[in-house]
Amino acid sequence: MSYSKITLTVNDVVETVDVPHHMTLLQMLREKLSLTGTKNGCSAGECGACTVLMNDEPVNSCMVLAAECDGARIVTVEGLAKSGKLSKLQEAIIKTGGVQCGFCTPGMLISATALLKRNPNPTEKEIREALVGNLCRCTGYFRIVEAVKEAAHS
Amino acid sequence: MANAKSTEKTTAVVGTSVIRNDVLEKVTGAATYVDDIQFGNKLLYARAVRSPHPHALIKHIDTSKAEKLPGVKAVVTGKDFPERIGLYLKDKTIFATDRVRFLGEPVAAVAAVSEEIAEKACSLVEVKYEPLEGVFDAEYGASEKAPVIHPDLGKYDCVNFIFPKPGTNISNHFKIRKGDVEAAWKQCAHIVEKTFKVPHIQHVPIETHGAVAMMDEKGKVTVWAASQSPFAQRNLIAKALHISHSDLRVIAPLVGGGFGSKAGLTMEAIPVALATKVKGYPVKFILTREEEFYTNFVRQGLTIHVKVGCDKDGNILGLKNVMYWDGGASTEYGTNITRAGGYSSSGPYDIPNVWTDSICVYTNHPIGGAYRGFGMSELHTGIDQAIDELAEVAGFDRVEFLKKNAISEGDIVVTGMTMHATGIQQCIDNVAKAIEFSKKEEPSSPDRLRGKGIAIMWKAPAMPPNAGSSAWVELSEDGKATVGLGGQEIGQGTFTVMAQIAAETLGVKYEDVRIAGPVDTQYSPYEWQTVASRLTWSMGNAVRLAALDARKQILDVVAEAWNETPEDLDIVNGMVVSYKSEQETPLANLVIYGLPKPNDEGWMGGPIVGRGSFMPKYVTNLDAETGQGARAVVHYTVGCEGLDIEIEKNTGRIHVIKAAASFDVGKAINPALVKAQVEGGFVQGLSSAMFEEIRLRNGIMTNPSFVDYRIATAADADFKLDTQYVEVPQDDGPWGARGVGEHPMVPTIAALGNAIYDATGVRLQGPPYSAESIYLGMLNAGVVK
């Protein structure tokens, strides 16, 4: 099995990791760095549970090889709160009740964070379109969309 | 601080929308699900060898090549685990033994040092099959022509309310014979007869099934599982492996969505089987998304023939229901779904004459299991669309027709039980008002058609008559409370609701109540299963009793110490107060160390632990030939849903303009959580109505991925949903509460079908009501050219 040594920034921490060439970014985060907040729902880039920010863009981490991440900046759900203070979006989704089982929540929060970064004042339609790649089976999405609106306006 | 002079309770938490107590960890990524638990370097990975045939005899299995592959630690097959298991009917084994009955059935499994090696080893297991003719239709399967899938059905153990027919594929036949339907037809001015087909669908929890198992040197087994049923799993695994229940421990971390799929025992048995061969090694098995789609539980399919009639005044006089449930290769759980479909087969209507045959049929399809609604969504898809047409032919407004025929308190329901107080009339009114049902509205464009649909529902907790709950409440040195319970947090918010119930009962702040989690059968009190929308009611009663017990212990000690009677004392915000002497003392002062007796003559009290248990004792069995009995169920939750939709004439695509859902929850312990359940359930129901179908061709699922099996996304829920609830109290529910977890997806297919019919005049035989099927329906009917 061939390995690469890569150096990348994960949630503002510089990490150097030996990764097998076939290892995905998702596997590296969960298995090498024990960042288990990022979830695996399908291993096929379809459900969005594994969404992380890679150089500020949301990606399905199950579809990115870890070896490609040398030099990249990665943000996972564990990196959204700063110094123990929740982000506006995290606070908003607690308040609106947009969390049920919580399994889609990490990916959902990352996609919505990316949306608010590129479009601080999205319309409801834009929010729904931005979250279309993040499947949720519990909430019906209403309160998640509410949370993104609220975070945008707070 | 509490004011002893005030009788005003400042601790009221029941009925308020407190923030969930599991949410901080869920938004920060700290929440632990089964695949997140760290097991270190000894962890082994499991994969399964699965049947490539829907029906075949196993002629030979050779595992020798797989065993020789470096890194492989164990290979197991069915010969090591011949014991039959099942919740209601013991008709399956952990691995297929002599024959396979569905495509994807586990035949063998491997534990290895990596997932890749386990996968490779699986490909080296050689299995010789002799394919058999398959059964791919329930109605055909029930006929004498069909090959028999379980020739040993007569030898299987089953509970006393399931009635298999050995020598056939019928594993349960539930009958209702109430009144005389044949005589009723003669009294009817209008009769509608329809057939509907509801396809198999999948639960699609975003977290697939997963379990880790380890056996220690003494033979004690620990299982960590994404589970709605840690105690039922303990029971079933212990029996299957012939080990003591006490030597089997199931730990159930947070669950990433269940919807029934993680109830009972399915894939969890596979890592346990492997673990018995590699003592001291944890063995992890996580299903792939493809495996999740068809190798575990699915919602069984239904073909329902409905005949319903009313007199000239619109009173429904008779209903005949013949239901063939496509139960799949095992119906260990599905038999009880067909029973529930039978004993609830009238829906929430007062109908004097009912004939029902609810027939559970083995097929060579994926195994049907519990799915949110437990048969009710499928049943209501049939009866509520037939009744919608009956209202039309009888010349009645739909809302008036539903209200006229809806069940009310004191009516004798379909099984002979007397109906309890119910808010169904208010539910119908709420929905009719929210979507302005009686107002005929124009479509937003000439290229569209507009229609409105409404449907009502009921559902009882479907469970054994004596399914129990238990709980404890203990206090710590800081005066805060911890609740022990065995029901699972699967997203519905039950840990929050139980903390509210304990806080309110005990007299402490909601923030000062912890839930002892994760649920662990070694320490947690017994709970039957987290299913049937029963926890708020059943476990809620147990938690309330446990908190009452703790409260009594506390007040008895303080009363003795202060020389007062407990009746003059109260606990307010964690402070024991006397309304008589106006003394007060914080709980922290006494709940562990007790209180000193006067003049230092010793101590009284001690660590406070309250216990509570609850089990309904009044449910009776039903007559096998008539389905009649004193009380079939604990209660029914009722509700109504409606939709206002537009349909594109050129494509058949549906646009939901607005929708409403109203359920009688008895008492909303947490209103925001009730509304969240209703919203999520409605969208899941709508998703099943518009998109979802396990497409089966000769037993093969042809769409086992999110690309081909589409579920609703954020873009599909782009409409206003009104969720006003009704509170007619349940006599034995905590504060009158009854469950509402499953109900919101029950009437959605029927309500949408009725809206499509209103818009287009086209009645489709079954969901999913895809744009294509609606367009073709309109084309055939000449609505579009």
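For B:Glu392, the stated conditions do not hold, so it cannot be described as under 27 Å from B:Pro768 (Cα atoms) and either assigned to a loop (DSSP other than H, G, I, E, B) or in contact with a Cys (Cβ under 6 Å, 6 or more places away or on another chain) (or both). Per the listing B:Ala96, B:Ala142, B:Ala138, B:Ala109, the residue uniquely farther than 30 Å from B:Ile359 by Cα and crowded, with 22+ Cβ neighbours inside 10 Å is B:Ala109.
Of the residues making up the range B:749-785, not one is at pLDDT below 95 and among the aromatic types (Phe, Trp, Tyr). Considering the conditions (1) out of contact with any helix residue (DSSP H, G or I) (no Cβ under 9 Å at 6 or more places or on another chain); (2) surrounded by fewer than 22 Cβ atoms within 10 Å (Cβ to Cβ); (3) of a type in the set (A, V, I, L, M), B:Val577 is excluded by exactly one of them, (2). Here B:Val762 qualifies as in the same structural domain as B:Gly652 (by TED's automatic domain parsing), β-branched (Val, Ile, Thr), surrounded by 20 or more Cβ atoms within 10 Å (Cβ to Cβ) and part of a loop (DSSP other than H, G, I, E, B).
Filtered by the rule that a residue be part of a helix (DSSP H, G or I), under 20 Å from B:Ser469 (Cα atoms) and in contact (Cβ under 8 Å) with a residue 24 or more places away in the chain, the range B:231-253 gives B:Phe231, B:Ala232, B:Gln233, B:Arg234, B:Leu236. The strands (runs of 3 or more DSSP E) found wholly in the range B:421-516 and carrying at least 2 residues that are closer than 30 Å to B:Ala750 by Cα occupy B:448-459. Taking the criterion of being on the phi > 0 side of the Ramachandran plot and over 27 Å from the mean Cα position of the chain (by Cα), the only residue of the range B:493-519 that qualifies is B:Gly507. In this entry, B:Leu103 is excluded by the filter for residues that are away from chain A (no Cβ under 14 Å), in a strand (DSSP E or B), of a type in the set (A, V, I, L, M) and in contact (Cβ under 8 Å) with a residue 40 or more places away in the chain. All of (1) closer than 30 Å to B:Tyr579 by Cβ; (2) buried (at least 17 other Cβ atoms within 10 Å of the Cβ) hold for B:Ala12 with one exception: (2). Highlighted here are the strands (runs of 3 or more DSSP E) found entirely within the range A:11-65 that include at least 2 residues which are more than 14 Å from chain B (Cβ to nearest Cβ): A:13-20, A:57-60. For the range B:23-37, which positions are within 18 Å of B:Thr494 (Cβ to Cβ), more than 7 Å from chain A (Cβ to nearest Cβ) and part of a loop (DSSP other than H, G, I, E, B)? Within the range B:23-37, B:Thr32 is the sole residue that qualifies. Return the residues of the range B:38-61 that are within 14 Å of chain A (Cβ to nearest Cβ) and assigned to a loop (DSSP other than H, G, I, E, B); say none if nothing qualifies. Those that are within 14 Å of chain A (Cβ to nearest Cβ) and assigned to a loop (DSSP other than H, G, I, E, B): B:Gln38, B:Phe39, B:Gly40, B:Asn41, B:Leu43.
Consider the range B:242-265 and keep the residues that are within 16 Å of the chain's Cα centre (by Cα) and not small (Gly, Ala, Ser). The one that is farthest from the other protein chains (Cβ to nearest Cβ) is B:Leu265.
Residue count for the range B:634-655, restricted to those that are surrounded by fewer than 21 Cβ atoms within 10 Å (Cβ to Cβ) and β-branched (Val, Ile, Thr): 1. Within the range B:27-46, being of a type outside the set (Ser, Thr, Tyr), free of Cβ contacts under 8 Å to residues at least 12 places away in the same chain and surrounded by 15 or more Cβ atoms within 10 Å (Cβ to Cβ) holds for B:Val27, B:Gly29. Out of B:Gly347, B:Gly341, B:Gly318, one residue alone is under 30 Å from B:Glu133 (Cα atoms) and at pLDDT 95 or above. It is B:Gly341. B:Asp722 meets all of the listed conditions (1) away from every other protein chain (no Cβ under 12 Å); (2) within 20 Å of B:Ser17 (Cβ to Cβ); (3) out of contact with any Ser or Thr (no Cβ under 7 Å at 6 or more places or on another chain) but one, namely (1).
Residues in the range B:90-148 that are in the same structural domain as B:His55 (by TED's automatic domain parsing), under 19 Å from B:Gly368 (Cβ atoms) and acidic (Asp, Glu): B:Asp91, B:Glu105.
Would you say B:Val740 is outside any helix (DSSP H, G or I) and free of Cβ contacts under 8 Å to residues at least 40 places away in the same chain? Considered against the rule, which asks whether it is outside any helix (DSSP H, G or I) and free of Cβ contacts under 8 Å to residues at least 40 places away in the same chain, B:Val740 comes out as no.
The values are calculated or read from the model by the stated rules, or taken from the named source; none is laboratory data. Model, not experiment: these values are computed from the prediction. Don't worry about glycine lacking a Cβ; one is built from the backbone with ideal geometry, like all the others, and counts go over all protein chains shown.
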